[in-house]
Amino acid sequence: MSSTQLWRVAADAPLPEALTYSSDLPLQRGQLVTVPLGRGGRKVHGLVLGPTAEVPEFEVKAVDSIVEEYTPLPEPYVKWLEWLAQYYLHPVGQVFQSAFPPLRKSEKQRQSKRPPVIPQLEADSALDLTPEQKSCFESIAQHSQFSTHLLFGVTGSGKTEVYLRLLDKVLAEGKRGVVLVPEISLTPQLIQRFARRFGDKIAALHSQLTDRERTNQWWDIVEGRKSILIGARSALFCPIDNLGLIIVDEEHEPSFKQDEKLKYNGRDAAVMLGKLMNCPVVLGSATPSLETWKNAIDGKYHLHRLTRRVANRALPDIEVIDLRRLKDDDEEKQKLITKYSHLPFWLSPTLYERMQEVLARGDQAALFLNRRGIAQMVVCPSCGHTRECPNCDISLTLHAHSHLICHYCDYHENFKTKCPDCHEGQLEAIGLGTELLETDLTRLFPGKTIARADRDEIQSRADLEDLIGKMETGEIDILVGTQMIAKGLDFPKLKLVGLVLADVGFNLPDFRATERSFQLITQMSGRSGRHVKEGESPGLVIIQTFNTEHDSITFAKAHDFEGFAAHELEIRSALNYPPMGRLVSFRIQGTKLGIVEETARLLARRAHALKAQFPQQYGAIEVLGPAEAALSKLRGQFRYHLLIKSTQPAAANPFSRQLLGDQEWVPSGVKILIDIDPMSLL
Ligand code: ADP
Ligand code: ZN
């Protein structure tokens, strides 16, 4: 008979540490169990972390039962979950929740009307690699142990084909692979491409699946029926063993960072998983994040370049249009203005003419604007009153049918033109959004089919599939959309991409705004003219802006990522911003402004005191703030933040842990949320 032992169990509760339980069950590290929690003895899930000899001072409760459905998680996964908890300062018992499927395994498969998660398609064969692809493939394929590779390839250079070959090799060796892509580019197009090559070896995990579908895909991987897992960041949590390769496509994408609960970065977590699994990790991008780029030029990552598009297809020409008022003395321009006086304010004569040309040839145009709705704000010209969300410190956006909507909390109200403040003026709409573009285009291009792709219009996988189908068949002439259409899409007839107002991107109060803007312009341009043949004129990109000299524009126009990176790294270096320094953000929030403010000030004082107390360890730490967050009120919560910058990366984590260690002083009603390596500082 087995005897009673003490075990450390990470129970599903907001506790910083694992708890000690006793049990005479045959437990193992990585096993899911149920344990009683707290005075009431409520039963929760817990993950067994291992035996312990330490007898706690208080009464030890017994493990309730083993969750028989699951065998213990593979050891590297348990280590990885522990690392996530430790690095991102998140309760360990809440981290492992994501490692299990949402539903119980049911033996009976219910019939579903939904299309299969992985379509069954006719197989295609591998393409002959270009010399560049071949050399990248070969130098990555040499590695079978942990190593991190950056595949830096311009848009349309055939990165995906390199991934497919690498996966081929991994399968031939009897191992398995994981491919992470940003949720937004996990399109049917992409899944089809993998399904054509690898047929029924593929499983996928993403947010468009039902809980049943997720659960089934999870078991397909865990029970070894599938050997390639494609998914959004959370797919990493599916415990796939015998792993030979992890690929993170579009590694620069901010959406790899989860911005609630466990605030992990899927890309960084993938590199750590590769390390624990001892397999290579490939990060791919046309616009690598500066973090990854620095690791590559410092020699920590292997750098592989694809410098040109396949089949000598040209990169698109990028033309920049200055939206500032045209000078009166310029006769040519004056003629243009008169000729095009019927154009809406957001559409330059050049963009209009190019659209006409492209459409006349039977090709397609896409206009991009990262703003939904008709107008950003409504304002009273008499008294200056603007309609703001009562929950958030944000102006309401005007949408069709006279709806005013908050883009943060989804608060709705009807648009009444009479100013509710002064009762005299008539509220006017200011700004622009995708709905306005669509309306204006319908008037300007009668007879052309216009489609809009934004969160208001595309709400499901079916909607997106439908839209992509219509773009592929050429049923749509003009596509208008938000960043939903900027990524990964590949439409042969798309020859013109217009960025309606580039300034939307670079005016955000965030040190990464320029980098983001550069990435967006480049990715957006990457959609244009992807299939032009040798000798044909290349795709065209038109950028409209009030700031033609902005770094993100001048470097993107020259297709010069490396120049941009060198320039931007210099700026980051001067200010110790990542990737030179490490950043941690503490957000202090609550419903009472005064208490939030006071707590933020106290937290800052504690941070300074901690630094002064341990000058050896924490000399490299800089405490910034507290300050009101750029989004100073959101969903009824006032927000302050405090930033910790550290030129010594290793100091940031223990400092933050210590600063948050004892929270008894924090007044009730105020929460302090920590974000390690934050991606957004709003
Ligand atoms: P990226 O991911 O780098 O933007 P893709 O992998 O999507 O580029 O490739 C761009 C296009 O080139 C795709 O249509 C793809 O089928 C095609 N392609 C890729 N590699 C080759 C090759 N070796 N020969 C011919 N066509 C290729
Ligand atoms: Zn709101």
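The numbers here are math on the coordinates, done by the rules we state, and not lab data. As the structure is a computational prediction, the values presented were derived from the model and not from experiment. No Cβ is skipped: glycine too gets one built from the backbone with ideal geometry, and neighbour counts run over all protein chains shown.
Table for the structure above
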read-out	value
Rounded if a/c under 1.5, otherwise prolate or oblate - the range 539-682, Cα gyration tensor axes	oblate
Linear extension gain, residue 418 paired with residue 558, 0.36 nm per residue minus alpha-carbon span	45.5 nm
Cβ-defined net charge surrounding residue 461, 12 Å radius [Lys, Arg +1; Asp, Glu -1]	-4
Over the range 240-341, relative contact order from alpha-carbon pairs under 8 Å, at least 6 apart, %	23
Pairs beyond 29 Å (Cα-Cα), from 134/275; 275/645; 175/495; 134/300; 533/557; 169/470	175/495; 169/470
The range 482-541 shape via C-alpha gyration tensor axes, a/c threshold 1.5	prolate
Full-extension gain in nm, residue 507 to residue 456, via 0.36 nm per residue minus C-alpha separation	16.0 nm
The chain: angle of helix 434-444 to the longest principal axis, Cα-based, in degrees nearest 10	30
DSSP loop chymotrypsin sites (Phe, Trp or Tyr not before Pro) with at most 12 other Cβ within 10 Å excluded, longest remaining stretch of the chain	346-664
Inter-centroid distance (Cα atoms) of the range 21-63 relative to the range 542-565, Å	57
Efficiency of FRET from Cβ geometry, residue 648 and residue 337, R₀ 41 Å, rounded to 0.05	0.15
Computed [θ] at 222 nm, deg cm²/dmol, the chain (DSSP H ≥ 4; -39,500 (n - 2.57); rounded to nearest 500)	-9000 deg cm²/dmol
Nearest 10 degrees, 0 to 90: helix 349-360 Cα axis against the chain principal axis	90
Additional length obtainable on full extension of the chain from residue 408 to residue 598, 0.36 nm per residue less Cα span	65.8 nm
DSSP-assigned coil residues among trypsin sites (Lys or Arg not before Pro) in the range 1-90, each with at most 14 further Cβ atoms within 10 Å	39
Ranking of 147, 525 by count of other Cβ atoms within 10 Å, fewest first	147, 525
On Cα atoms only, tilt of 159-172 relative to the major axis of the chain in degrees	30
Per-residue Cβ neighbour rank within 10 angstrom, fewest leading, 45, 550	45, 550
For the range 1-122: relative contact order, % (alpha-carbon pairs under 8 angstrom, 6 or more apart)	28
Taking 610, 180, 103 and counting other C-beta atoms within 10 Å, the order from fewest to most	103, 610, 180
Relative contact order of the chain, pairs being alpha-carbon contacts under 8 Å that are 6 or more residues apart, as %	11
Whole-Å distance, taken between Cα centres, linking the range 459-485 and the range 357-433	24
Prolate/oblate/rounded label for the range 252-399 (Cα gyration tensor, a/c 1.5)	oblate
Size of electric dipole in the range 533-604: Cβ of Lys, Arg +1 and of Asp, Glu -1, about Cα centre, debye, nearest 20	520
Sparse-neighbourhood loop sites, trypsin sites (Lys or Arg not before Pro) in the range 219-286 - DSSP loop, at most 14 other Cβ within 10 angstrom	225, 261
Nearby lysines by direct alpha-carbon distance to residue 61 (threshold 23 angstrom, same-chain neighbours under 8 apart not counted)	43
Distance (nanometres) between label positions extended 7 Å along Cα→Cβ at residue 345 and residue 146	5.6
Residue 305-residue 472 FRET efficiency (beta carbon distance; Förster radius 35 Å; 0.05 resolution)	0.70
